[in-house]
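The structure appears below as structure tokens.
The values are calculated or read from the model by the stated rules, or taken from the named source; none is laboratory data. Predicted, not measured: the structure shown is a model, and the values here were computed from it. Here the Cβ positions follow ideal geometry from the backbone for every residue, glycine too, while neighbour counts run over all protein chains shown.
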Amino acid sequence: MGEWLYAFAAKEIQKYILQGNKLKDMVGGSELVNQMCGEFLTRSLNELGIDNSEYRIITQTAGWARIQFNNGNDAKRLYTVWPLLVDRFVPGLQVVQSLVEINGDINNAIEESEKKLRAERSLIQVGLPEIGPLIERNQRLGFAAVRYAKGEDELQDRQTTRKRDYVGKRKNKSAMTTLVAKMSGAEDTEKQLQYRWPDELDDIAGSEKKYIAVIHADGNDLGKTIRQLQEHVRSSPDKAIDVFKRFSEAISQATESAAQEAYKRIIKPDYEDRAEVSKKPIFMAARPIVLGGDDLTLIIRADLAFKFTRVFMEAFEASSKEALEKELGGFNIAGLPEKLTSCAGIAFIKKAYPFSRAYELAESLCAFAKSRAKEKDNKDKDGFVPSSFAFYKVATSVAGSYSLIRETELTSKDSSEALQIKLWHGPYTVGSHDVNLVSYDDLVTLAGTLSKLPSGSIRTLITTVYTSALKAQTDFDRILQVAGSTGKKEIADKFKAQLIKITGNTTNPLWNENGNSPLLDAYRIRELSDDTVLVSGGNNGKS
């Protein structure tokens, strides 16, 4: 039999990881998914008696993989048993899979494989056996209970049990934590700093911190780049598998390298500073939930979120340039980008807020940033989508997607005004992109001027901008006048000048021609960041 392409993908992977909203369950779930596509997959192939010379893993990342088999019988053997193996290793996680004969054209095989996976995803998979009326249930998830939690009066289902047991083994240092090893790097893994990463949200927020942040980052234009690779290999089919494998490796290298850079510059120094003065063991003020392919999802203490995001996104540009050259430079691929960029969303929440909703908000913030950054007028002169992010602080009991928040919470309902005023202005760019979007540096500079003006007056101004644009202009002029009469004229002038720089509106600098105001975003930067961000202007992510 000829060559075959086998592919599988986890179904609703985010839902699986986030179920339960407890950090230790998310930690266990994310680690299990990561290892399923790594060590467990390799071990399963070996146990099935498939020699490693008879297959080649093309793509291998969190939740999915593509494998080229030299022998169809080997491929069918894995196809037959893999869902059962996954159910034993990661209970409750559903996978879809496809098996396609290559017939000399890997592009067609990949397209056919993706079509089959999409069809499989649309099918409803029923959990068996059904839960009968006499079966106790896990109160948090509603699944069939299998045991009481150790030391707790809580019934656990099979899925939660597996996640909790994994975390327990990790605490005993008998299980390798792949995600934190990817983020902290080999040196800190050897020092066993991996065991100083928290399993509880309280350990991230700290005793005096009310807010934490959920960061979700995702690469830009990967679909476009893959299409360029597919076009290239049509004329060189013998190189196709090597090209796709190397591209997958380049993306993983870029993401992990960027995460490590942000860890070394933001998370680790913060940990070391606190550890130096603490009289008891402490934890890192962050925890990675997803780190694979071009995706990163991280929980982090609120005051570190902006600095981490900035460093990660700038490092991703630099590391992707290096990785693409290293892995694909020798193939002379027409149209291959020099580097890759990313977008991110940051949701600021209180530690008791449902994490699944926070993740959905961070994901929608990232999608908003991508959508705006990809607009034709916002791409830089070289055609790159600028690295940018959007953020939002949840101040209500329940928040929906960012599009709903913009419409219901951040858009003025003053029908007497000809222009609707909107209390959002993002996304904000990082890096050296010369585009129409507002840079994060400019927003930080505006936040720095706000920090030198009376906080009550600024809060009142933001409220007035939302309720009455006409009165807002009067209040704005009054703030400038009072600042000038109390020896703060220089600050007042800088405040106005920075607003004009951001909005481009010299007549009424509180908002731009579309009614978008940066005031609330700048106020949130001031509120959620530490003072070093405002002093430094956020230029390098160091503090």
Residues (outside any loop (DSSP other than H, G, I, E, B) and of a type in the set (Lys, Arg)) located in region 123-147: ARG137, ARG147
Failed criterion for PHE368 (all others in (1) among the aromatic types (Phe, Trp, Tyr); (2) in the same structural domain as ALA344 (by TED's automatic domain parsing); (3) in contact (Cβ under 8 Å) with a residue 60 or more places away in the chain hold): (3)
Odd one out for ILE266 among (1) touching a residue at least 60 places away in the same chain (Cβ under 8 Å); (2) in contact with a helix residue (DSSP H, G or I) (Cβ under 8 Å, 6 or more places away or on another chain); (3) surrounded by fewer than 19 Cβ atoms within 10 Å (Cβ to Cβ): (3)
Subset tally (residues that are charged (D, E, K, R) and exposed (fewer than 15 other Cβ atoms within 10 Å of the Cβ)) for region 102-128: 5
Condition met for GLY92 (small (Gly, Ala, Ser), within 28 Å of ASP199 (Cα to Cα) and out of contact with any strand residue (DSSP E or B) (no Cβ under 7 Å at 6 or more places or on another chain)): yes
Which numbered condition ILE212 misses (of (1) in contact (Cβ under 8 Å) with a residue 12 or more places away in the chain; (2) in a helix (DSSP H, G or I)): (2)
Sole exception among (1) out of contact with any Phe, Trp or Tyr (no Cβ under 8 Å at 6 or more places or on another chain); (2) on the phi < 0 side of the Ramachandran plot; (3) not acidic (Asp, Glu) for GLY63, by number: (2)
Region 148-165: number of residues that are assigned to a strand (DSSP E or B), within 32 Å of the chain's Cα centre (by Cα) and either farther than 18 Å from VAL27 by Cα or not polar (S, T, N, Q) (or both): 2
